[in-house]
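Shown next, in structure tokens, is the structure this report addresses.
Each reported figure results from applying straightforward, stated rules to the coordinates on display, with no laboratory input. If you're wondering where the values come from, they're calculated on a predicted model, not measured in any experiment. Here the Cβ positions follow ideal geometry from the backbone for every residue, glycine too, while neighbour counts run over all protein chains shown.
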Amino acid sequence: MVAEEIKKVLRGGEFLVKESEAQDVFTPEDISEEQEAFREMAREFVQKKVWPNVEKIDKGDHDKVVQLLEEAGELGMLGSSLPEEYGGLGVNFNTESFLSEELGASNSWGVAVAAHTGIGTLPILYYGTEEQKAKYLPGLATGQLKAAYCLTEPGSGSDALAAKTKATLVDDGANYLIEGQKMWITNSGFADVFIVFAQVDGDKFTGFIVPADAENVNLGAEEDKLGIKGSSTRQVFFEGVKVPADYVLGEIGKGHKIAFNVLNIGRYKLCAMVLGGAKRACDVAVKYSNEREQFKTSISSFGAIQYKIAEMATRIYAGESACYRTSGLIKDKIASLVEAEGMSKTEAKLEAAEEYSVECAMLKVIGSEVLDYVVDEAVQIYGGNGFSEEFPAARAYRDARINRIFEGTNEINRLLTVGMILKRAMKGQIDLFNPAMAVQKELTSFGGLGDAPEGLFGAERIALANLKKAVLMTAGAAAQKYMQALEKEQMLMMNIADMLNDLFCCESALLRTEKMIATKGEEACSHEIAMTKLFFVDAIDRINKSGKDAIASFAEGDELRVMLMGLKRFTKYDAVNTVTLRREIAAKLISLNGFAY
Ligand SMILES: Cc1cc2nc3c(=O)[nH]c(=O)nc-3n(C[C@H](O)[C@H](O)[C@H](O)COP(=O)(O)OP(=O)(O)OC[C@H]3O[C@@H](n4cnc5c(N)ncnc54)[C@H](O)[C@@H]3O)c2cc1C
């Protein structure tokens, strides 16, 4: 295999203070032939194998879920992220992203795949001993073994470390006795292996591998859920389950590392998956809008419907740009850790995901909220039929909702985003201080009229630099005001997280479009140019609103006035004819009769 190219890449969270070049970002258009073949295989599998069975799966036919997992395993799709020595394919991270996106368009079944390949399998890969890896990973790669992850309990969800399940050393240190109750466990109905978190000696949060057939492991009934009805979700009771002491996963008292590090990759992949779901929902909605006639014309000819189509496509484009950009950052970081520091690919991947944990948390929120927007508008485009189970929009709508809840709720991920960035700044890992001071200085100096925008994206380039200042100004002043107590100011933290998410999407969409123009030319990219410009318009308004809410919550008098003036300056963007942009964007999808995959 050709050695991976080593690039100098941004550190996690550094997008806020540094610029990126279009040629350095990874975009979906950079897909290789090998990745394309892999993507095609996954797409065909979902279309030919999963979709024809979607009703059956949703009615609770878990045998079908299992059969399809095993078939996907035979094709290598469950082991794509595992090293070849354990029966995996060892593909690079970008290939994994393309695969996740395809599998994400398969609703309940996709959730089963994600839980199995992600939170179910990765703890063993990253923290297992050689014996544990050799025992479990080959079976997990082929799908002969199915995995589930038992973290949540009735009394501890977001506050996962407060778990009450306990593990006590017995039989002179030969075994642990596990007692406790886990809740909402995906794949529990058919899993062979449970990753279980329990407190050793009262407060040493620790991971264990527990075989599902161990004595006294009992399952609750299937949950009656709002959506993803075909995914198996039960309570799992550990009622005095004895496991050998070497079933401990990682170190005693270090279970939090397993739980949280695995979630970084889980959050990233959730974003790739939901984008696959969003594209599919957009695709069927556009097709329906072309078929359905009212007032003697197809409803896709109505501006109100075109608005929705344009907005769906634009939000997907921005989310996708941010997602694949991060995929490229993670892939490059893995390559640099392997080549420059001699790490194994597995160690490097874990470290790379931790490096970009800020982006992973942001993407989880961005992706799940894009999906919810898209499925909601899909239902609306279907009208009454959107409310009928005979049409695909209803299932897409129900199944989307869980994504804002699991892998850390979106509130928790927003808090993490801001908390992690500030922590990194305090540790000196990102220099926020100097850029924030420069913005403060700029606030009190006469700003002048600034540079006049030049070229296609002149206005967006200026806006982007200013948006970074808007976020730095707001976050910097809030951090100065509240210091450590900022984490208690949750409404303010949510405002800052929203600003960061929009900023990251703006920059990612712009870089992607610029990169595309460099290879295809402006004319061939008119659709992407329109989506980029449209995204900027709305994102800038949202950033302005969040900034205003945030600043007004802690500043007063002269400070308030100066900061609001600064915010106005930093979110200045000349009026754009969004009607024309939306018409153009929608026209493309309408003419393609679907989403332009
Ligand atoms: C279908 C499904 C499948 C799942 N699969 C799995 C699985 O396989 N394994 C597993 O271990 N778990 C799984 N979960 C559990 C899931 O991860 C939790 O539901 C989730 O973490 C939220 O925990 P909770 O339900 O206890 O909600 P809570 O933590 O009680 O949260 C309730 C609300 O309060 C908010 N909140 C909580 N704490 C804070 C805070 N500090 N600041 C601000 N807001 C806060 C939350 O954002 C949320 O809006 C699954 C859940 C579902 C519904």
Subject >> ³J(HN,Hα), Karplus 6.51/-1.76/1.60, whole Hz, each residue of the stretch 237-247, x for Gly, Pro >> reply: 9, 10, 9, x, 9, 9, 10, x, 4, 7, 8
Original post:
Hey, fewest Cβ within 10 Å first, where do Leu500, Leu564 land in order?
Top reply: Leu564, Leu500
Original post:
Residues with beta-carbon under 9 Å from that of Pro453, excluding Pro453: net charge, scoring Lys, Arg +1 and Asp, Glu -1?
Top reply: -3
**OP:** Name the residues whose placed amide hydrogens come within less than 5 Å of the amide hydrogen of Leu78, ignoring near sequence neighbours (fewer than 5 apart) on the same chain.
**Re:** Gly73
**OP:** Can you tell me the order of 481-491, 350-360 when each peptide is scored by its average per-residue count of other Cβ atoms within 10 angstrom, highest first?
**Re:** 350-360, 481-491
Subject >> Dimensionless Rg over Rh [the stretch 430-592; C-alpha; Kirkwood] >> reply: 1.02
Original post:
Can you give the convex hull volume of the alpha carbon atoms of the stretch 256-411 per residue, in Å³?
Top reply: 111
Subject >> Cross-link reach list, aspartates and glutamates versus Lys488, counting only Cα pairs under 15 Å and skipping chain neighbours closer than eight places >> reply: Glu411
Subject >> Dipole-positive endmost among Tyr136, Val66, Leu78 within the stretch 31-145 (Cβ charges, Cα centre) >> reply: Val66
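At a 10 angstrom cut-off on C-beta neighbours, averaged per residue, how do the peptides 461-471, 312-322 rank from highest to lowest? Intermediate results must be reported in sequence, preceding the final value.
Working: 461-471: 21.4, 312-322: 26.9.
Per-residue mean Cβ counts within 10 Å order the peptides as 312-322, 461-471.
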**OP:** Sort largest first and round to whole Å: the equivalent ellipsoid semi-axes of the stretch 31-145, each the square root of five times a Cα gyration tensor eigenvalue.
**Re:** 23, 18, 11
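Please report the relative contact order for the stretch 149-253, taking Cα pairs under 8 Å with a sequence separation of at least 6, and give it as a percent rounded to a whole number.
Result for the stretch 149-253 is 32 percent.
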Original post:
Order of Trp109, Trp184 from fewest to most other C-beta atoms within 10 Å?
Top reply: Trp184, Trp109
Original post:
Using the Cβ atoms and a cut-off under 12 Å, what net charge is assigned to the surroundings of Thr117, where Lys and Arg are +1 and Asp and Glu are -1?
Top reply: +1
**OP:** In debye, nearest 20, what is the charge dipole magnitude of the chain about its Cα centre with +1 on Lys and Arg Cβ and -1 on Asp and Glu Cβ, if you could check?
**Re:** 1500
Subject >> Per principal axis, descending, Cα span of the chain in whole Å >> reply: 77, 61, 47
**OP:** Could you line up Arg512, Arg267 from fewest to most neighbouring Cβ atoms inside 10 Å?
**Re:** Arg267, Arg512
**OP:** Pull up the DSSP beta bridges for the chain and report the antiparallel fraction as a percent, rounded to 5.
**Re:** 85
Subject >> Helical mean residue ellipticity (222 nm; -39500 (n - 2.57) per DSSP H run of 4+; nearest 500) of the chain >> reply: -19000 deg cm²/dmol
**OP:** Provide the packing ranking of 252-264, 567-579, i.e. peptides ordered by the mean count of other C-beta atoms within 10 Å per residue, highest first.
**Re:** 252-264, 567-579
Original post:
If you take the charge dipole of the chain about its Cα centre, with +1 on Lys and Arg Cβ and -1 on Asp and Glu Cβ, which of Gly87, Leu249, Leu350 is farthest toward its positive end?
Top reply: Leu350
Original post:
Looking only at Cα atoms, what is the convex hull volume of the stretch 100-186 per residue, in Å³?
Top reply: 132
